[in-house]
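Input: a single structure, listed below in structure tokens.
The values are calculated or read from the model by the stated rules, or taken from the named source; none is laboratory data. These figures come from a predicted structure and were not determined experimentally. As a convention, Cβ positions derive from the backbone with ideal geometry for all residues, glycine included, and neighbour counts pool all protein chains shown.
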Amino acid sequence: MHSPSATDSKIVLITGASSGIGEATARRLAADGHHVVLGARRVDRLAALVGEIHAAGGRADHRELDVTSLDSVRAFVEAAHDRLGRVDVLVNNAGVMPLSRVDALRVDEWNQMIDVNLRGTLHGIAAVLPHMRSRGAGHIVNVASTSGHRVDPTAAVYCATKYAVLALSEGLRQESRDIRVTVVSPGFTHSELTDRGGDPEAQAAARAASLQLAIPASAVAGAIGYAIAQPGDVDVNELIVRPTAQG
Ligand SMILES: NC(=O)c1ccc[n+]([C@@H]2O[C@H](COP(=O)([O-])OP(=O)(O)OC[C@H]3O[C@@H](n4cnc5c(N)ncnc54)[C@H](OP(=O)(O)O)[C@@H]3O)[C@@H](O)[C@H]2O)c1
């Protein structure tokens, strides 16, 4: 395992670390020598991952987290801050993608996407920003999507949340001279994203495209690791990482 100096080892909080891109990012950043703090609802998954990272010589801990609740996100951040003394990086990664046509009016799933993908990202920012502003340093990494750059049928609401994450990130970047803001926008990536909710036909189509095209979650984790590893005066604002064969 790479041993970083005291200055390049960071305290990194990752939301949605129980599977897919968040899990791969936890593994990658722990292997890079950072202390990772993992949050999600499936704590059994998080505990197993923390055990694997410890066994490999890395530093990690976890806490139950529901990003739709500001109280839960604040408790996640405060616990890490109290225990470790600071928060260097927040990776706002938790997300859901129940696909359907707008005229199917699956309003509960629209609200779930807004609550997790957009409000969850805002909650993360609200919880870490006061700490980062008072230190005059920090890094917020928001996981958006190629769906934040183009709209496709059955993905209108999902795309709306990801476009919003891009807008929010750019606004925060413009207001910040001390905090780095990065958007990482993955294309089709192996994960559990298409496993839950949505119109069965739309989800099956997304699953089929993903099976054919998807890149490993470690490819996206590598992009996040790259942005974090840059010197403090270098702010990588956006990375799009998609399969070569994706249109
Ligand atoms: N896979 C792709 O092709 C792709 C492409 C572009 C963008 N993305 C984005 O990448 C991010 C990660 O998704 P993924 O592909 O890795 O899918 P995934 O395997 O389904 O992971 C999603 C993660 O989000 C967590 N999550 C969901 N609701 C949550 C909540 N209320 N509170 C806390 N955590 C919650 C899940 O954990 P629990 O269920 O345990 O809470 C899980 O750890 C998402 O923002 C997604 O939109 C993915």
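Numbers at a glance
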| read-out | value |
| --- | --- |
| When residues of segment 169-193 are limited to those that are surrounded by fewer than 20 Cβ atoms within 10 Å (Cβ to Cβ) and within 29 Å of Val102 (Cβ to Cβ), the one nearest to the ligand (Cβ to nearest atom) | Glu192 |
| Residues within segment 30-76 that are within 13 Å of the ligand (Cβ to nearest atom), in contact with a helix residue (DSSP H, G or I) (Cβ under 7 Å, 6 or more places away or on another chain) and within 22 Å of Pro216 (Cα to Cα), tallied | 4 |
| Test: Arg196 is closer than 18 Å to Gly95 by Cα, at pLDDT 95 or above and within 10 Å of the ligand (Cβ to nearest atom) | no |
| Residue that is farthest from Ile228 (Cα to Cα) [pool: residues in segment 109-145 that are free of Cβ contacts under 8 Å to residues at least 40 places away in the same chain and among the polar types (S, T, N, Q)] | Asn111 |
| Selection from segment 12-29 of residues that are more than 7 Å from the ligand (Cβ to nearest atom) and under 20 Å from Asp82 (Cα atoms) | Val12, Leu13, Ile14 |
| Failed item, numbered, when Ala205 is tested on (1) within 12 Å of the ligand (Cβ to nearest atom); (2) surrounded by fewer than 20 Cβ atoms within 10 Å (Cβ to Cβ) | (1) |
| Residue list for segment 88-134, restricted to those being surrounded by fewer than 16 Cβ atoms within 10 Å (Cβ to Cβ) and more than 13 Å from the ligand (Cβ to nearest atom) | Arg101, Val102, Asp103, Ala104, Leu105, Val107, Asp108, Ala126, Pro130, Arg133, Ser134 |
| Total residues in segment 190-228, condition part of a helix (DSSP H, G or I), closer than 20 Å to Gln246 by Cα and not basic (Lys, Arg) | 20 |
| Number of the exception - His149 against (1) surrounded by 17 or more Cβ atoms within 10 Å (Cβ to Cβ); (2) within 12 Å of the ligand (Cβ to nearest atom) | (1) |
| Leading residue by the ranking (farthest from the ligand (Cβ to nearest atom)) among those in segment 152-165 that are touching a Leu at 6+ places or on another chain (Cβ under 6 Å) and not aliphatic (A, V, I, L, M) | Thr154 |
